[in-house]
Amino acid sequence: MNDNEKIEEVLNGTSQPEKRPKPLRTLKRVDTGKPAAGTGPAYHGRYEAPPSIDNRGRYEIPQSVDNRGRYEAEPRRDSSMNYSDGYAEYIPQDYDNENNPEKSSSKKKKKRDIIVKAVSIIASLSIIIAMVLTMPIMWWDKKGVRERVSIMTYFVKRKQPLVHIEGELDKSVEKIDVSINTNVLPEDYNDGLDFMEQWIEGQYTVLFLGFDVDSLNTDVIWLCQFDLKGGALRILQIPRDTAVPDFTSSPSTKINSVYSSGDPQYADVPIQRVVDCVQQNFGIPIDAYITTYITDIAEMVDLVGGIPISLDEPIHYEAGKTIEAGDVILNGEQSEWFIRYRYGWLEGDIGRMQNQRRFMAAAMQKLMDISKNEGTAKLKEYIDEVMDRELIATDMMVVDLTRLADFCGTIPLESVQVDMLPGESTSNEEPYIGYDGVEYSIYSIHKQETLDLLNKYYRPYQNPLTGYGDTAMLEYIKDHNYSNYDDKTATFDDLIDSEAPARDPNKVQ
């Protein structure tokens with residue numbers, strides 16, 4: 001019967017049960033005297049160790065030891081289980097790590113290791129960055145001389161602010177005979193200012209010029225000499241009317257006209273004409289210059305928060321522009337009035353110069369207070385702000401200005417000395433007539449008194465000037481009628497509490 005026929009019978013219910021073969025007869029167990037299979041001792045190969053013997057290799061880690069690698073992740077853990085040494089056990093959810101000091105110590109150690117690694121990485125990066133910034137990998141060009149400097153030096157320390165406005169000074173040896181006195185200043189002396197170009201080691205001289213409103217005349221001329229070796233600062237005030245006929249084409253012969261009316265064949269750069277004039281007349285080598293405008297001085301005063309000063313009487317600069325008497329803090333606008341005021345002084349422009357001394361002393365005190373109370377870093381912030389606003393023009397670098405500011409912070413006010421160039425103004429008895437036929441009021445230098453002042457204070461490391469072929473000074477008034485300006489030496493400490501210049505009683509204040 002095939003399969004189809006079987007299926008049809010099942011469906012019709014006519015299928016017959018299939019006959020099965022008879023089972024085999026039951027075999028009887030024969031007792032051979034041997035144990036039954038599975039009831040005797042377990043079988044082991046000839047070289048297989050029995051379970052009672054630890055068969056781990058010499059360097060194999062026991063099961064009880066955590067054999068995860070240093071950076072191998074732990075096995076997945078169930079929230080209700082605690083895994084320790086490869087075994088799981090139930091631990092209540094409120095289990096405290098304090099009950100497991102070994103686990104708590106391990107976590108602390110891991111945290112400490114992470115902090116140590118992070119600090120090490122940061123320190124390493126800092127060292128690498130510092131090395132890159134200080135390595136001499138950039139070229140610095142100046143006046144044809146090339147040298148390798150670091151990135152920090154190139155972009156920060158040697159940044160020259162506003163040098164394009166006035167130009168760089170010509171420091172060739174033909175400009176001035178320095179004539180160093182080696183008995184006073186050893187040839188191997190080094191003041192440590194390696195990056196600052198100096199005519200003389202141990203001193204640094206800056207010519208400060210303040211322009212009038214028209215930007216033509218230098219109405220403020222101060223020669224600031226930083227005696228680095230002697231620890232002093234000396235300021236020589238040169239009156240703007242000082243006669244220097246060999247250095248200007250102006251019929252007035254006044255020194256304030258040298259910048260705009262100096263002979264261009266003598267020096268193409270205007271600032272160089274003024275520097276040459278001062279160097280050749282007074283024998284003081286000038287290392288750098290700073291120029292500014294009277295309106296810029298006002299902005300700088302506002303920047304530092306004003307200048308405290310004491311006034312015995314009010315100053316009426318113009319109608320509606322008055323500075324009241326008493327202890328006042330001059331703002332920028334008032335400072336401009338204070339510096340420019342001369343109408344009411346008995347000695348006119350000389351009285352204005354004397355009043356400017358008081359302002360200088362007060363400003364110096366303000367800067368020293370900033371350095372003392374707010375730190376030199378704050379002082380540098382002000383210098384950077386002055387640079388950013390282009391309130392001054394200079395051939396100095398930012399680091400030079402910072403070093404000079406730091407130096408000023410180390411000297412007391414009694415070591416800051418101010419002098420006025422000895423001389424006298426022309427009078428009705430001895431008028432000066434220019435080549436244009438116009439009468440001018442000029443300031444005639446007292447030559448010998450000036451030589452004595454320069455040799456005593458402003459040439460500490462140079463041989464003395466004799467006046468015979470080593471200076472271009474011309475003395476217009478030979479017979480001195482007035483000597484009150486020949487000895488105007490004062491320290492800033494004296495000027496802080498000094499009185500105002502004498503007022504003209506004939507002028508309405």
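The values are calculated or read from the model by the stated rules, or taken from the named source; none is laboratory data. What you see is a predicted model; the values in this text were computed from it and never measured. Using ideal geometry, Cβ is built from the backbone for each residue, glycine included, and neighbour counts are taken over all protein chains shown.
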Flag for TYR440 being at pLDDT 90 or above and surrounded by fewer than 16 Cβ atoms within 10 Å (Cβ to Cβ): no
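In this structure, is GLY320 under 21 Å from the mean Cα position of the chain (by Cα), assigned by TED's automatic domain parsing to the domain that holds GLU299 and small (Gly, Ala, Ser)?
Values: under 21 Å from the mean Cα position of the chain (by Cα): no; assigned by TED's automatic domain parsing to the domain that holds GLU299: yes; small (Gly, Ala, Ser): yes.
No, not satisfied.
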Unique residue being under 23 Å from ILE255 (Cβ atoms) and in contact with a Phe, Trp or Tyr (Cβ under 9 Å, 6 or more places away or on another chain) when the list is LEU169, LEU185, LEU193: LEU169
Index of the failed condition, ASP287 passing every other in (1) charged (D, E, K, R); (2) surrounded by fewer than 20 Cβ atoms within 10 Å (Cβ to Cβ); (3) under 29 Å from the mean Cα position of the chain (by Cα): (2)
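Quick grid of which residues meet (1) surrounded by fewer than 20 Cβ atoms within 10 Å (Cβ to Cβ); (2) touching a residue at least 24 places away in the same chain (Cβ under 8 Å):
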site	(1), (2)
TYR343	yes, yes
GLU347	yes, yes
GLY351	no, yes
ALA362	no, yes
LYS366	yes, yes
GLU374	yes, no
LYS378	yes, no
ILE392	no, yes
Scan of segment 426-459 for residues that are of a type outside the set (A, V, I, L, M, F, W, C), closer than 28 Å to ALA362 by Cα and in contact (Cβ under 8 Å) with a residue 40 or more places away in the chain, ordered by number: TYR443, THR450, TYR457, TYR458, ARG459
Count of residues meeting criterion [closer than 14 Å to PRO239 by Cβ, assigned to a loop (DSSP other than H, G, I, E, B) and acidic (Asp, Glu)] in segment 345-379: 1
Looking only at segment 320-341, and only at residues there that are among the hydrophobic types (A, V, I, L, M, F, W, C) and buried (at least 20 other Cβ atoms within 10 Å of the Cβ), the one that is farthest from ASP419 (Cα to Cα): ILE323
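Would you confirm, using the coordinates I've provided, whether ASP395 is in contact with a helix residue (DSSP H, G or I) (Cβ under 6 Å, 6 or more places away or on another chain) and acidic (Asp, Glu)?
Values: in contact with a helix residue (DSSP H, G or I) (Cβ under 6 Å, 6 or more places away or on another chain): yes; acidic (Asp, Glu): yes.
Here the answer is yes, as ASP395 does meet what is asked.
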Enumeration of residues in segment 483-508 that are surrounded by fewer than 12 Cβ atoms within 10 Å (Cβ to Cβ) and touching a His at 6+ places or on another chain (Cβ under 9 Å): VAL508
Subset of segment 404-421 [surrounded by fewer than 20 Cβ atoms within 10 Å (Cβ to Cβ) and part of a helix (DSSP H, G or I)]: ALA405, ASP406, PHE407, CYS408, LEU413, GLU414, SER415
Number of positions in segment 205-224 that are buried (at least 21 other Cβ atoms within 10 Å of the Cβ) and among the hydroxyl-bearing types (Ser, Thr, Tyr): 2
Hey, THR471 under 27 Å from TYR289 (Cβ atoms), at pLDDT below 95 and either outside the structural domain of GLY202 (by TED's automatic domain parsing) or not in a helix (DSSP H, G or I) (or both) or not: yes
Test for ASP479: is it out of contact with any Asp or Glu (no Cβ under 9 Å at 6 or more places or on another chain) and either at pLDDT 90 or above or not aliphatic (A, V, I, L, M) (or both): no
Some residue of segment 225-243 being in contact with an Asp or Glu (Cβ under 6 Å, 6 or more places away or on another chain), surrounded by 22 or more Cβ atoms within 10 Å (Cβ to Cβ) and not in a helix (DSSP H, G or I): yes
